[in-house]
Structure formats: structure tokens, C-alpha cells
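Shown next, in C-alpha cells, is the structure this report addresses.
Throughout, read-outs are computed from the coordinates displayed, never taken from laboratory work. Since we're looking at a predicted model, the values are computed, not measured. Cβ sites come from the backbone with ideal geometry, for glycine too, and all protein chains shown count toward neighbours.
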Amino acid sequence: MLKVEVSTLTSWVMDITLSSRASHHYRSRAVARRMAGCGVCGTQQLAEVFPSLNRLDDRVMPSLSSFGDLHQRLDDWQSQQSPHGGLHAAVLLDREGQIITIQEDIGRHNAMDKVIGYGLNSGLNLTEHSIVMSSRSSVELVYKAINAGLGCLVHLSSPSYQAVMMAQQHGLNLIQQTRQGEVRIFSKNQ
């Protein structure tokens, strides 16, 4: 049993008064942060949310022909595994474009976390692998890919401007495959 004596505890009490302008600014940012699941909304700069990352070196661009029709491959797999739909998928591919694992979740961030976790727990060197996401490409997903040391991140929807800027700054290969099969390279490790 843990016994704490009140006499040994110290505390500080601060009475802070904000100007009405500063108070309004603080409240509006606090509300925006509570309403956003990712934590990015309501911040003034991305540096407030994302700690700095090292640049990825020597990430080989996978052969674009190895992807094939990612939309069809993903649709086929998802219809077999979860016919109810409504889930985001993340796919881990090897250098030849072969599927290692597919993970799904109602949240695209969680789907990606599952695939990265699978790869790391399996002892894979993610620098030689790609992740394909059924969702749009956001700066948060690009950050996770860079942090995991991933070789290439492929999305089936267009990336945001911030996602492209972060991928280019850190040397992540960032690709989109359109529904029509067109491959768009937004960032290439050079």
C-alpha cells in the first residue's frame, strides 16, 4: 500500500491573466486542435507537430511496371477480405511489386501503422519496400513513411502540397497511380 504524506508535497499556484485578444487566439487554436484527429489543424507551423527528420539517402525508385494496375489489385483483395467496404487499405510491396501484407482500418493512419509495424516486426529493411495506400496522400502519412525509413510511398489519390514538399525535402519517393493507370512521380530520391 502506497502512503503519501501531504506535508511532503509542494505545489505552485499561478494566476495568469490574458488580454482579450490573446485569450481569443488561445481558445480558437485550442478548439481547432481538439476537433482534429491528426493534431495538425490549429497549428501555425508544421514544426509544431512534426519533430525534425533526417533525409533519406539511397532510396531506389521501384520499377513502375512492377506496380501493375494497383487499383484493380487492391479492389480484388479488399472485396475478398472485407466485402462491406469503407475501410482504408495499406499494402506492403517488395522490390518486385509482390504483396507482402495488406492491412485495413477505418483510419488511413492506422492502416499505415499496421503495415509499418508488420514490416518492422518481421525484420524487413523498409528502404527496399513500398507502401501503397488506398487513400489520399497527406503530410502525416509522408512523415510516417520517412520516419520508418521507407523506400517509396504510393497513393491512389493526389497528394497534398505539404505532402509533396515534405517528401521532396527528405528524399522520399512519392508516387500516385491514377484510376486510368497513369503514374505520377511527385518526389524522387536523387
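Taking amide H as placed 1.01 Å from N in the peptide plane, S135 has its amide H under 5 Å from the amide H of A89, L156, each at least 5 places away in sequence or on another chain. Remark: E140, E128 ranked as E128, E140, counting other beta-carbon atoms within 10 Å and listing the fewest first. Inter-part distance, region 171-188 to region 149-168, computed on C-alpha centroids, equals 8 Å.
By the gyration tensor of its Cα atoms, with a ≥ b ≥ c the square roots of the eigenvalues, what is the shape of region 64-187: rounded for a/c under 1.5, prolate for a/b over b/c, or oblate? If you can, show how the numbers build up before the last one.
Working: a/c = 1.36, a/b = 1.18, b/c = 1.16.
Verdict is rounded for region 64-187.
Taking 7 Å steps out from each Cα toward its Cβ at Q169 and D58 produces label points 2.6 nm apart.
With both residues required to sit in region 64-187, DSSP beta bridges show an antiparallel share near 60%. For region 64-187, the residue among T101, H88, Q168 whose Cα projects farthest onto the positive side of the dipole built from Cβ charges is Q168. Modelled label positions at E128 and V183, each set 7 Å beyond Cα in the direction of Cβ, lie 1.9 nm from each other. By the count of neighbouring beta-carbon atoms within 10 Å, fewest first, R59, R179 end up ordered R179, R59.
In this simple spin-label approximation, R95 and Y118 carry label points 7 Å from Cα along the Cα→Cβ vector, and these lie 2.1 nm apart.
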